[in-house]
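Trainee: So that we are looking at the same thing, I have put the structure below in C-alpha coordinates.
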Amino acid sequence: SRVQSEGIKQAFSAYGPTKHIACPGHEFELWTESATEGKSERKEFVNKQKKSTTVVLGAGNESNLTLIDTLQRCIIHRETVLIKHHPLRPYLLTPYGIILEPLIRRGYVAQVLDEGIPETTKLLSNPLVGHVHVTGSLQTEQAIINTLSRTRTHQSELEIRDAVTSELGCVTPWILSPGVYDEKELKNVARMIVSAKKNFGGAACLCAQVLIIPKEWNQKNQFREALVAELKRQPGFPCYYPGSKERKKKMEEMYDSTQGRSITVEAPLISGPGKSEEDQVVMLECGTPDEPGYNSVGLKTEAFGPILALVELSSSGSSEKAFIENVAAPFVNNKTNIYGSLSCSVIVPTSSKQDKFTLETSLASLEYGTVAVNTWTAMGYFAMLKGCIWGGSPHDKTGQSGTGYVGNQYGLAKPVKTVVYGPPLTTNPFFDLGTPAPRIVLDALWTMSTAPSIFVGIVQILHLFLFRIFKTLLARTRNLFSSGVPIRED
(Lines give C-alpha, C1' and ligand atoms only; values in the text may rest on other atoms or scores of the structure.)
Protein backbone atom coordinates (compact mmCIF):
# COMPACT_ATOMS: atom_id res chain seq x y z
CA SER A 1 0.00 0.00 0.00
CA ARG A 2 1.08 3.65 -0.46
CA VAL A 3 0.51 6.82 1.48
CA GLN A 4 0.78 10.50 0.58
CA SER A 5 2.15 12.18 3.70
CA GLU A 6 3.38 15.75 3.47
CA GLY A 7 4.07 15.25 -0.23
CA ILE A 8 6.19 12.12 0.24
CA LYS A 9 4.99 8.73 -0.96
CA GLN A 10 6.16 5.71 0.96
CA ALA A 11 5.73 2.08 -0.03
CA PHE A 12 5.15 -0.78 2.41
CA SER A 13 5.31 -4.55 2.20
CA ALA A 14 2.66 -6.43 4.19
CA TYR A 15 3.38 -9.86 5.65
CA GLY A 16 0.29 -11.86 6.56
CA PRO A 17 -2.49 -12.04 7.35
CA THR A 18 -2.08 -14.41 10.25
CA LYS A 19 -4.49 -15.33 13.04
CA HIS A 20 -4.29 -16.07 16.74
CA ILE A 21 -6.56 -18.71 18.26
CA ALA A 22 -6.97 -16.54 21.38
CA CYS A 23 -8.36 -13.66 19.26
CA PRO A 24 -11.33 -15.03 17.27
CA GLY A 25 -12.27 -12.96 14.22
CA HIS A 26 -9.00 -11.01 14.13
CA GLU A 27 -6.25 -10.94 11.52
CA PHE A 28 -2.75 -9.49 11.85
CA GLU A 29 -0.20 -8.14 9.41
CA LEU A 30 3.36 -6.89 9.82
CA TRP A 31 4.15 -3.94 7.57
CA THR A 32 7.75 -3.27 6.62
CA GLU A 33 9.42 -0.58 4.58
CA SER A 34 9.70 -1.57 0.94
CA ALA A 35 13.08 -2.91 -0.13
CA THR A 36 13.24 -0.09 -2.69
CA GLU A 37 12.92 2.64 -0.07
CA GLY A 38 16.63 2.92 0.61
CA LYS A 39 17.71 3.93 4.11
CA SER A 40 15.47 2.50 6.82
CA GLU A 41 13.62 4.59 9.38
CA ARG A 42 13.84 1.66 11.79
CA LYS A 43 17.13 1.22 13.63
CA GLU A 44 18.11 -2.07 15.23
CA PHE A 45 19.38 -1.86 18.81
CA VAL A 46 21.68 -4.65 19.98
CA ASN A 47 24.21 -5.10 22.73
CA LYS A 48 27.48 -4.35 20.90
CA GLN A 49 29.73 -4.87 23.92
CA LYS A 50 31.33 -8.30 24.12
CA LYS A 51 31.27 -10.10 27.47
CA SER A 52 28.60 -7.77 28.83
CA THR A 53 25.03 -8.19 30.00
CA THR A 54 21.71 -6.49 29.35
CA VAL A 55 19.71 -5.07 32.25
CA VAL A 56 15.92 -5.24 31.94
CA LEU A 57 14.23 -2.76 34.26
CA GLY A 58 10.82 -4.26 35.07
CA ALA A 59 7.46 -2.66 34.36
CA GLY A 60 5.34 -1.49 37.27
CA ASN A 61 1.87 -1.86 35.75
CA GLU A 62 1.70 -5.37 34.27
CA SER A 63 3.31 -8.63 35.33
CA ASN A 64 3.89 -10.12 31.87
CA LEU A 65 5.80 -7.24 30.25
CA THR A 66 9.13 -7.85 31.95
CA LEU A 67 8.98 -11.54 31.02
CA ILE A 68 8.42 -10.72 27.33
CA ASP A 69 11.24 -8.13 27.40
CA THR A 70 13.60 -10.66 28.98
CA LEU A 71 12.86 -13.37 26.41
CA GLN A 72 13.26 -10.80 23.61
CA ARG A 73 16.74 -9.77 24.74
CA CYS A 74 17.87 -13.28 25.69
CA ILE A 75 16.48 -15.42 22.85
CA ILE A 76 16.04 -13.02 19.92
CA HIS A 77 19.13 -10.89 20.58
CA ARG A 78 21.09 -13.70 22.29
CA GLU A 79 22.16 -11.59 25.27
CA THR A 80 22.57 -12.50 28.94
CA VAL A 81 19.98 -10.66 31.01
CA LEU A 82 19.76 -9.30 34.54
CA ILE A 83 16.18 -8.51 35.59
CA LYS A 84 15.71 -5.70 38.10
CA HIS A 85 12.10 -6.01 39.27
CA HIS A 86 9.91 -2.95 39.74
CA PRO A 87 9.36 -1.90 43.38
CA LEU A 88 5.59 -2.40 42.92
CA ARG A 89 6.04 -6.05 41.86
CA PRO A 90 8.66 -7.76 44.05
CA TYR A 91 6.39 -10.82 44.22
CA LEU A 92 7.32 -11.66 40.61
CA LEU A 93 10.71 -12.95 41.76
CA THR A 94 9.32 -16.40 42.66
CA PRO A 95 7.11 -17.11 39.61
CA TYR A 96 9.76 -15.73 37.26
CA GLY A 97 12.26 -18.04 38.92
CA ILE A 98 10.04 -21.00 38.04
CA ILE A 99 9.24 -19.89 34.47
CA LEU A 100 12.82 -18.93 33.60
CA GLU A 101 14.48 -21.79 35.50
CA PRO A 102 16.16 -23.38 32.43
CA LEU A 103 17.74 -20.04 31.49
CA ILE A 104 18.66 -19.17 35.08
CA ARG A 105 20.25 -22.59 35.64
CA ARG A 106 22.44 -22.13 32.57
CA GLY A 107 23.52 -18.64 33.61
CA TYR A 108 21.72 -16.72 30.88
CA VAL A 109 19.26 -14.91 33.20
CA ALA A 110 19.46 -13.61 36.76
CA GLN A 111 17.10 -11.55 38.94
CA VAL A 112 17.39 -8.89 41.63
CA LEU A 113 14.83 -6.91 43.58
CA ASP A 114 14.64 -3.13 43.62
CA GLU A 115 16.69 -1.55 46.41
CA GLY A 116 16.16 2.10 45.58
CA ILE A 117 17.52 4.64 43.12
CA PRO A 118 21.10 4.72 44.49
CA GLU A 119 21.49 0.96 44.05
CA THR A 120 19.92 1.06 40.58
CA THR A 121 22.32 3.84 39.60
CA LYS A 122 25.21 1.75 40.91
CA LEU A 123 23.96 -1.24 38.90
CA LEU A 124 23.70 0.71 35.64
CA SER A 125 27.15 2.22 36.23
CA ASN A 126 28.77 -1.22 36.24
CA PRO A 127 31.08 -1.53 33.19
CA LEU A 128 29.72 -5.04 32.53
CA VAL A 129 26.32 -3.55 31.59
CA GLY A 130 26.28 -3.20 27.80
CA HIS A 131 22.57 -2.56 27.20
CA VAL A 132 19.51 -1.41 29.14
CA HIS A 133 15.84 -2.01 28.31
CA VAL A 134 13.17 -0.20 30.28
CA THR A 135 9.38 -0.09 30.34
CA GLY A 136 8.40 3.18 31.97
CA SER A 137 8.34 6.90 31.35
CA LEU A 138 10.37 9.26 29.18
CA GLN A 139 11.79 10.80 32.37
CA THR A 140 13.03 7.39 33.53
CA GLU A 141 14.68 6.73 30.18
CA GLN A 142 16.42 10.12 30.29
CA ALA A 143 17.67 9.39 33.83
CA ILE A 144 19.16 6.12 32.56
CA ILE A 145 20.88 7.89 29.64
CA ASN A 146 22.27 10.51 32.04
CA THR A 147 23.65 7.78 34.31
CA LEU A 148 25.32 5.97 31.42
CA SER A 149 26.75 9.25 30.10
CA ARG A 150 28.38 10.07 33.45
CA THR A 151 29.98 6.64 33.81
CA ARG A 152 30.92 6.03 30.16
CA THR A 153 32.86 9.11 29.19
CA HIS A 154 34.72 7.12 26.53
CA GLN A 155 31.48 6.58 24.57
CA SER A 156 29.78 9.09 22.28
CA GLU A 157 26.26 10.41 22.86
CA LEU A 158 25.00 8.26 19.96
CA GLU A 159 26.61 5.12 21.41
CA ILE A 160 24.98 5.84 24.77
CA ARG A 161 21.54 6.29 23.22
CA ASP A 162 21.94 3.13 21.15
CA ALA A 163 22.63 1.23 24.37
CA VAL A 164 19.10 1.95 25.63
CA THR A 165 15.80 0.59 24.29
CA SER A 166 12.45 1.39 25.80
CA GLU A 167 8.70 1.15 25.73
CA LEU A 168 7.32 4.40 27.08
CA GLY A 169 3.99 6.18 27.20
CA CYS A 170 1.22 6.98 24.76
CA VAL A 171 -2.01 8.93 24.89
CA THR A 172 -3.80 6.28 22.85
CA PRO A 173 -6.31 7.72 20.36
CA TRP A 174 -9.40 6.10 18.87
CA ILE A 175 -10.35 7.66 15.53
CA LEU A 176 -14.00 7.46 14.50
CA SER A 177 -14.65 7.67 10.78
CA PRO A 178 -17.74 9.65 9.74
CA GLY A 179 -20.54 7.68 8.14
CA VAL A 180 -23.76 5.97 9.04
CA TYR A 181 -23.60 3.57 11.99
CA ASP A 182 -26.59 1.45 12.94
CA GLU A 183 -27.62 1.28 16.60
CA LYS A 184 -25.77 -1.98 17.31
CA GLU A 185 -22.57 -0.67 15.74
CA LEU A 186 -22.63 2.48 17.88
CA LYS A 187 -23.28 0.39 20.98
CA ASN A 188 -20.42 -2.00 20.20
CA VAL A 189 -18.00 0.85 19.45
CA ALA A 190 -18.83 2.46 22.80
CA ARG A 191 -18.47 -0.93 24.50
CA MET A 192 -14.99 -1.48 23.04
CA ILE A 193 -13.79 2.00 23.98
CA VAL A 194 -15.02 1.76 27.57
CA SER A 195 -13.44 -1.66 28.04
CA ALA A 196 -10.18 -0.29 26.59
CA LYS A 197 -10.40 2.62 29.03
CA LYS A 198 -11.29 0.75 32.22
CA ASN A 199 -9.10 -2.33 31.90
CA PHE A 200 -6.00 -2.16 34.13
CA GLY A 201 -7.58 0.86 35.83
CA GLY A 202 -6.42 2.83 32.80
CA ALA A 203 -2.81 2.26 33.89
CA ALA A 204 -1.48 0.83 30.62
CA CYS A 205 0.09 2.48 27.61
CA LEU A 206 -2.56 0.92 25.33
CA CYS A 207 -5.61 2.06 27.33
CA ALA A 208 -7.91 4.41 25.41
CA GLN A 209 -7.49 8.07 26.38
CA VAL A 210 -8.48 10.22 23.39
CA LEU A 211 -11.48 9.98 21.05
CA ILE A 212 -11.12 11.75 17.69
CA ILE A 213 -14.63 12.63 16.48
CA PRO A 214 -15.58 14.29 13.17
CA LYS A 215 -17.16 17.63 14.06
CA GLU A 216 -19.73 17.49 11.25
CA TRP A 217 -20.71 13.87 11.98
CA ASN A 218 -24.50 13.63 12.30
CA GLN A 219 -24.37 10.86 14.91
CA LYS A 220 -21.85 12.36 17.32
CA ASN A 221 -24.47 13.15 19.99
CA GLN A 222 -25.99 9.69 19.64
CA PHE A 223 -22.52 8.23 20.07
CA ARG A 224 -21.91 10.29 23.22
CA GLU A 225 -25.13 8.93 24.71
CA ALA A 226 -24.04 5.37 23.96
CA LEU A 227 -20.62 6.10 25.45
CA VAL A 228 -22.04 7.43 28.73
CA ALA A 229 -24.42 4.46 28.97
CA GLU A 230 -21.49 2.05 28.62
CA LEU A 231 -19.38 3.96 31.14
CA LYS A 232 -22.21 3.48 33.62
CA ARG A 233 -22.76 -0.20 32.75
CA GLN A 234 -19.24 -1.57 32.77
CA PRO A 235 -17.55 -1.78 36.18
CA GLY A 236 -14.08 -0.35 36.57
CA PHE A 237 -10.86 -1.07 38.41
CA PRO A 238 -9.45 1.13 41.18
CA CYS A 239 -7.15 3.96 40.17
CA TYR A 240 -4.20 2.23 41.84
CA TYR A 241 -1.01 3.35 40.11
CA PRO A 242 1.13 5.81 42.11
CA GLY A 243 0.52 9.38 40.98
CA SER A 244 -2.55 8.55 38.88
CA LYS A 245 -5.08 10.09 41.24
CA GLU A 246 -3.09 13.30 41.56
CA ARG A 247 -2.60 13.47 37.78
CA LYS A 248 -6.30 12.90 37.19
CA LYS A 249 -7.28 15.63 39.64
CA LYS A 250 -4.85 18.11 38.09
CA MET A 251 -6.14 17.41 34.57
CA GLU A 252 -9.74 17.60 35.69
CA GLU A 253 -9.16 21.01 37.24
CA MET A 254 -8.06 22.33 33.84
CA TYR A 255 -11.60 21.86 32.50
CA ASP A 256 -14.68 23.76 33.65
CA SER A 257 -17.26 21.29 34.98
CA THR A 258 -19.93 24.02 35.17
CA GLN A 259 -19.90 24.28 31.37
CA GLY A 260 -20.00 20.52 30.77
CA ARG A 261 -16.30 20.34 29.87
CA SER A 262 -15.61 17.84 32.67
CA ILE A 263 -18.10 15.05 33.39
CA THR A 264 -17.68 12.28 35.98
CA VAL A 265 -19.55 9.08 35.10
CA GLU A 266 -20.18 6.82 38.09
CA ALA A 267 -20.07 3.04 37.84
CA PRO A 268 -19.47 0.11 40.21
CA LEU A 269 -15.98 -1.22 40.82
CA ILE A 270 -14.93 -4.78 40.06
CA SER A 271 -13.08 -5.00 43.38
CA GLY A 272 -16.24 -4.45 45.43
CA PRO A 273 -19.47 -2.50 45.94
CA GLY A 274 -17.77 0.76 46.89
CA LYS A 275 -17.79 3.77 44.57
CA SER A 276 -14.86 6.11 45.12
CA GLU A 277 -15.05 9.27 43.00
CA GLU A 278 -11.29 9.05 42.50
CA ASP A 279 -11.79 5.76 40.63
CA GLN A 280 -14.54 6.97 38.27
CA VAL A 281 -13.89 7.84 34.63
CA VAL A 282 -13.93 11.56 33.84
CA MET A 283 -14.83 12.70 30.33
CA LEU A 284 -13.01 15.84 29.21
CA GLU A 285 -14.53 17.84 26.35
CA CYS A 286 -11.49 19.39 24.66
CA GLY A 287 -13.31 21.20 21.85
CA THR A 288 -11.93 21.79 18.34
CA PRO A 289 -8.35 22.92 17.52
CA ASP A 290 -7.99 26.57 16.47
CA GLU A 291 -11.40 27.42 17.92
CA PRO A 292 -12.07 29.46 21.10
CA GLY A 293 -11.96 27.39 24.27
CA TYR A 294 -9.92 24.52 22.86
CA ASN A 295 -8.00 22.75 25.64
CA SER A 296 -5.44 20.10 24.67
CA VAL A 297 -4.27 19.06 28.16
CA GLY A 298 -6.11 15.74 27.85
CA LEU A 299 -4.15 14.95 24.68
CA LYS A 300 -0.67 15.91 25.82
CA THR A 301 -0.47 14.18 29.21
CA GLU A 302 -0.69 10.42 29.66
CA ALA A 303 -3.15 10.06 32.53
CA PHE A 304 -2.38 6.41 33.32
CA GLY A 305 -5.79 6.43 34.96
CA PRO A 306 -9.53 7.06 34.39
CA ILE A 307 -9.41 10.03 32.00
CA LEU A 308 -11.16 10.02 28.59
CA ALA A 309 -10.67 13.11 26.40
CA LEU A 310 -12.91 13.92 23.42
CA VAL A 311 -11.75 16.19 20.60
CA GLU A 312 -13.67 17.16 17.48
CA LEU A 313 -11.85 17.69 14.18
CA SER A 314 -13.53 19.63 11.39
CA SER A 315 -13.92 17.46 8.29
CA SER A 316 -15.36 20.14 6.04
CA GLY A 317 -13.98 19.85 2.52
CA SER A 318 -12.95 16.22 3.06
CA SER A 319 -14.98 13.19 2.03
CA GLU A 320 -16.01 10.53 4.54
CA LYS A 321 -13.51 8.03 3.15
CA ALA A 322 -10.65 10.56 3.24
CA PHE A 323 -11.25 11.78 6.81
CA ILE A 324 -8.55 9.57 8.32
CA GLU A 325 -5.87 10.32 5.74
CA ASN A 326 -6.56 14.04 5.20
CA VAL A 327 -7.80 15.17 8.63
CA ALA A 328 -7.12 12.74 11.48
CA ALA A 329 -3.68 11.44 10.45
CA PRO A 330 -2.01 14.86 10.03
CA PHE A 331 -3.38 15.84 13.45
CA VAL A 332 -2.26 12.75 15.43
CA ASN A 333 1.06 12.42 13.58
CA ASN A 334 2.03 15.87 14.82
CA LYS A 335 3.39 15.20 18.31
CA THR A 336 2.78 18.80 19.37
CA ASN A 337 -0.94 17.87 19.21
CA ILE A 338 -0.95 14.52 20.98
CA TYR A 339 1.57 12.51 23.00
CA GLY A 340 3.11 9.25 21.84
CA SER A 341 3.06 6.91 18.84
CA LEU A 342 2.70 3.45 20.34
CA SER A 343 -0.76 2.48 19.06
CA CYS A 344 -4.09 3.81 17.84
CA SER A 345 -7.48 2.39 16.84
CA VAL A 346 -9.54 3.27 13.78
CA ILE A 347 -13.30 2.72 13.60
CA VAL A 348 -14.91 2.28 10.17
CA PRO A 349 -18.66 1.56 9.83
CA THR A 350 -20.00 -1.15 7.53
CA SER A 351 -21.81 1.51 5.50
CA SER A 352 -18.48 3.07 4.53
CA LYS A 353 -17.73 0.22 2.10
CA GLN A 354 -14.11 1.30 1.75
CA ASP A 355 -12.16 -0.70 -0.80
CA LYS A 356 -8.95 -2.36 0.39
CA PHE A 357 -6.66 0.19 -1.29
CA THR A 358 -8.45 3.19 0.29
CA LEU A 359 -8.42 1.58 3.73
CA GLU A 360 -4.76 0.58 3.51
CA THR A 361 -3.82 4.08 2.37
CA SER A 362 -5.58 5.48 5.45
CA LEU A 363 -3.81 3.01 7.74
CA ALA A 364 -0.43 3.71 6.15
CA SER A 365 -0.86 7.44 6.79
CA LEU A 366 -0.99 6.85 10.57
CA GLU A 367 2.50 6.97 12.06
CA TYR A 368 1.88 4.58 14.96
CA GLY A 369 3.60 1.32 15.88
CA THR A 370 0.28 -0.54 15.93
CA VAL A 371 -2.88 0.41 14.07
CA ALA A 372 -6.04 -1.53 14.90
CA VAL A 373 -9.19 -1.47 12.77
CA ASN A 374 -12.51 -1.92 14.60
CA THR A 375 -10.83 -3.36 17.68
CA TRP A 376 -8.68 -2.50 20.69
CA THR A 377 -4.94 -2.19 20.12
CA ALA A 378 -4.34 -4.73 22.89
CA MET A 379 -4.82 -7.22 20.06
CA GLY A 380 -1.58 -5.83 18.65
CA TYR A 381 0.26 -7.23 21.65
CA PHE A 382 -1.17 -10.68 20.85
CA ALA A 383 -0.02 -10.11 17.26
CA MET A 384 3.50 -9.41 18.52
CA LEU A 385 3.55 -12.90 20.02
CA LYS A 386 2.86 -14.28 16.52
CA GLY A 387 5.69 -12.48 14.74
CA CYS A 388 4.52 -8.86 14.50
CA ILE A 389 6.06 -6.01 16.52
CA TRP A 390 5.15 -3.82 19.47
CA GLY A 391 6.81 -0.45 19.91
CA GLY A 392 6.64 3.22 18.99
CA SER A 393 6.64 4.35 15.37
CA PRO A 394 10.11 4.74 13.80
CA HIS A 395 8.79 7.93 12.13
CA ASP A 396 8.28 9.56 15.55
CA LYS A 397 11.56 11.36 16.24
CA THR A 398 10.47 12.69 19.65
CA GLY A 399 11.05 9.33 21.34
CA GLN A 400 7.90 9.86 23.43
CA SER A 401 6.93 6.18 23.12
CA GLY A 402 10.47 4.86 23.30
CA THR A 403 12.98 3.29 20.93
CA GLY A 404 13.18 -0.22 19.57
CA TYR A 405 10.48 -2.88 19.73
CA VAL A 406 9.67 -6.40 20.88
CA GLY A 407 8.61 -9.18 18.52
CA ASN A 408 9.64 -9.76 14.89
CA GLN A 409 10.61 -13.33 15.69
CA TYR A 410 11.09 -14.07 11.99
CA GLY A 411 13.68 -11.31 11.62
CA LEU A 412 12.02 -9.36 8.79
CA ALA A 413 13.96 -6.29 7.68
CA LYS A 414 12.76 -2.74 8.33
CA PRO A 415 9.57 -3.46 10.32
CA VAL A 416 7.37 -0.37 10.65
CA LYS A 417 4.01 -1.26 12.14
CA THR A 418 1.58 -3.97 13.13
CA VAL A 419 -1.87 -3.76 11.56
CA VAL A 420 -4.80 -5.56 13.21
CA TYR A 421 -8.14 -6.12 11.50
CA GLY A 422 -11.03 -6.79 13.86
CA PRO A 423 -14.40 -8.39 13.05
CA PRO A 424 -17.36 -6.34 11.75
CA LEU A 425 -18.78 -3.81 14.20
CA THR A 426 -22.01 -5.82 14.38
CA THR A 427 -20.04 -8.56 16.20
CA ASN A 428 -20.13 -8.39 19.99
CA PRO A 429 -16.76 -7.10 21.28
CA PHE A 430 -14.15 -9.56 22.50
CA PHE A 431 -13.63 -7.53 25.69
CA ASP A 432 -16.58 -6.48 27.87
CA LEU A 433 -16.13 -5.86 31.60
CA GLY A 434 -19.92 -5.86 32.03
CA THR A 435 -20.34 -9.45 30.83
CA PRO A 436 -16.94 -11.13 31.02
CA ALA A 437 -16.44 -14.50 29.37
CA PRO A 438 -16.59 -17.57 31.65
CA ARG A 439 -13.22 -18.50 33.10
CA ILE A 440 -13.28 -21.92 31.44
CA VAL A 441 -13.60 -20.27 28.01
CA LEU A 442 -10.60 -18.01 28.65
CA ASP A 443 -8.58 -20.96 29.94
CA ALA A 444 -9.48 -22.98 26.82
CA LEU A 445 -8.41 -20.13 24.52
CA TRP A 446 -5.14 -19.74 26.39
CA THR A 447 -4.52 -23.49 26.31
CA MET A 448 -5.07 -23.63 22.55
CA SER A 449 -2.94 -20.56 21.88
CA THR A 450 0.06 -22.05 23.72
CA ALA A 451 -0.26 -25.60 22.39
CA PRO A 452 2.37 -26.78 19.84
CA SER A 453 -0.37 -28.06 17.50
CA ILE A 454 -4.15 -28.00 17.11
CA PHE A 455 -4.39 -31.70 17.98
CA VAL A 456 -2.37 -31.27 21.18
CA GLY A 457 -4.46 -28.19 22.04
CA ILE A 458 -7.72 -30.12 21.68
CA VAL A 459 -6.40 -32.95 23.86
CA GLN A 460 -5.27 -30.46 26.51
CA ILE A 461 -8.65 -28.69 26.46
CA LEU A 462 -10.48 -32.03 26.90
CA HIS A 463 -8.17 -32.79 29.83
CA LEU A 464 -8.94 -29.32 31.24
CA PHE A 465 -12.71 -29.84 30.99
CA LEU A 466 -12.57 -33.32 32.55
CA PHE A 467 -10.39 -32.03 35.39
CA ARG A 468 -12.80 -29.16 36.08
CA ILE A 469 -15.82 -31.49 36.04
CA PHE A 470 -14.11 -33.95 38.41
CA LYS A 471 -13.07 -31.08 40.71
CA THR A 472 -16.63 -29.72 40.80
CA LEU A 473 -18.15 -33.14 41.54
CA LEU A 474 -15.58 -33.76 44.28
CA ALA A 475 -16.33 -30.39 45.90
CA ARG A 476 -20.08 -31.01 45.84
CA THR A 477 -19.66 -34.50 47.31
CA ARG A 478 -17.45 -33.13 50.09
CA ASN A 479 -20.01 -30.41 50.87
CA LEU A 480 -22.80 -32.98 50.96
CA PHE A 481 -21.04 -35.15 53.54
CA SER A 482 -19.70 -32.27 55.61
CA SER A 483 -23.14 -30.68 55.94
CA GLY A 484 -24.62 -33.93 57.15
CA VAL A 485 -27.88 -35.62 56.11
CA PRO A 486 -30.73 -35.48 58.63
CA ILE A 487 -31.98 -38.93 59.76
CA ARG A 488 -35.71 -39.35 60.12
CA GLU A 489 -36.88 -41.03 63.33
CA ASP A 490 -40.27 -42.77 63.24
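The values are calculated or read from the model by the stated rules, or taken from the named source; none is laboratory data. For clarity, every value in this text was computed on a predicted model and none was experimentally measured. Cβ placement follows ideal geometry from the backbone for every residue including glycine, while neighbour counts extend to all protein chains displayed. Ligands, DNA and RNA are excluded from the accessible area calculation, which covers all protein heavy atoms including side chains. Shrake-Rupley method; radii C 1.70, N 1.55, O 1.52, S 1.80 Å.
Trainee: How would you rank 417-424, 206-213, 456-463, highest first, on the average number of other Cβ atoms within 10 Å across their residues?
Mentor: Numbers: 417-424: 23.9, 206-213: 25.4, 456-463: 14.1.
By packing density, highest mean first, the sequence is 206-213, 417-424, 456-463.
Trainee: In whole percent, how big is the carbon plus sulfur part of the accessible area of the chain, probe 1.4 Å, protein atoms only? Walk me through the numbers on the way to the answer.
Mentor: Working: 13660 of 23570 Å².
Of the solvent-accessible surface of the chain, carbon and sulfur hold 58 percent.
Trainee: If the limit is 27 Å between Cα atoms, which of Lys19/Lys417; Lys245/Lys417; Lys248/Lys417; Lys232/Lys471 go over it?
Mentor: Lys245/Lys417; Lys248/Lys417; Lys232/Lys471
Trainee: Quote the charge dipole size of the chain about the Cα centre in Debye, to the nearest 20; the model charges only the Cβ of Lys and Arg (+1) and of Asp and Glu (-1). Show your work: numbers first, answer last.
Mentor: Numbers: 51 positive and 48 negative charges, 266 e Å.
With Lys and Arg at +1 and Asp and Glu at -1, about 1280 debye.
Trainee: Let me check against my output: what whole-number percent is the relative contact order of segment 75-205, with C-alpha pairs under 8 Å and at least 6 apart? Don't jump to the answer; show the numbers that get you there.
Mentor: Working: 88 pairs, mean separation 25.0, N = 131.
About 19 percent, as a whole number.
Trainee: Moving on to the next point. Restricting the count to DSSP beta bridges whose residues both fall in segment 54-192, what percent are antiparallel, rounded to a multiple of 5?
Mentor: Details: 0 of 16 bridges.
Restricted to segment 54-192, the bridges split so that about 0 percent are antiparallel.
Trainee: Continuing with this model, one more query. Report the Cα centroid-to-centroid distance between segment 200-258 and segment 81-151 in angstrom, as an integer.
Mentor: Taking the Cα centre of segment 81-151 as reference, the centre of segment 200-258 is 33 Å away.
Trainee: Using a 1.4 angstrom probe on the protein heavy atoms only, could you order Glu33, Glu225, Glu320 from most to least accessible area? Intermediate values should be presented prior to the final figure.
Mentor: Working: Glu33 10, Glu225 130, Glu320 105 Å².
The ordering from most to least exposed comes out as Glu225, Glu320, Glu33.
Trainee: Counting only protein chains, not ligands or nucleic acids, how are Val265, Val112 ordered by accessible area (probe 1.4 Å), most first? Provide the component values of the computation, followed by the final result.
Mentor: Values: Val265 5, Val112 55 Å².
Largest accessible area first, the residues go Val112, Val265.
Trainee: Sort the following peptides by mean Cβ neighbour count (other Cβ atoms within 10 Å, averaged over residues), highest first: 188-194, 331-337.
Mentor: On the way: 188-194: 24.7, 331-337: 16.1.
Those peptides, ordered most packed to least, come out 188-194, 331-337.
Trainee: Averaging sequence separations of C-alpha pairs under 8 Å and six or more residues apart, then dividing by the length of the chain, give the relative contact order as a whole percent. Spell out each step's value before the answer.
Mentor: Values: 943 pairs, mean separation 90.0, N = 490.
This gives 18 percent for the chain.
Trainee: Just for the chain, what percent of DSSP beta bridges are antiparallel, to the closest 5? Mind showing how you got there, number by number?
Mentor: Numbers: 22 of 65 bridges.
Roughly 35 percent of the DSSP beta bridges within the chain come out antiparallel.
Trainee: Multiply the residue separation of Ile76 and Val180 by 0.36 nm, subtract the distance between their alpha-carbon atoms, and state the gained length in nm to one decimal. Walk me through the numbers on the way to the answer.
Mentor: Numbers: separation 104, 0.36 × 104 = 37.44 nm, distance 4.54 nm.
Stretched out fully, the Ile76 to Val180 stretch lengthens by 32.9 nm.
Trainee: Can you give me the relative contact order of segment 328-462 as a percent, contacts being Cα pairs under 8 Å and 6 or more apart? The partial results should precede the final answer.
Mentor: Values: 188 pairs, mean separation 29.6, N = 135.
Taking the mean separation of contacting Cα pairs over the length of segment 328-462, I get 22 percent.
Trainee: With every protein chain kept in place and ligands, DNA and RNA left out, what is the accessible area per residue of the chain? Probe 1.4 Å, answer in Å².
Mentor: Solvent-accessible surface per residue comes out at 48 Å².
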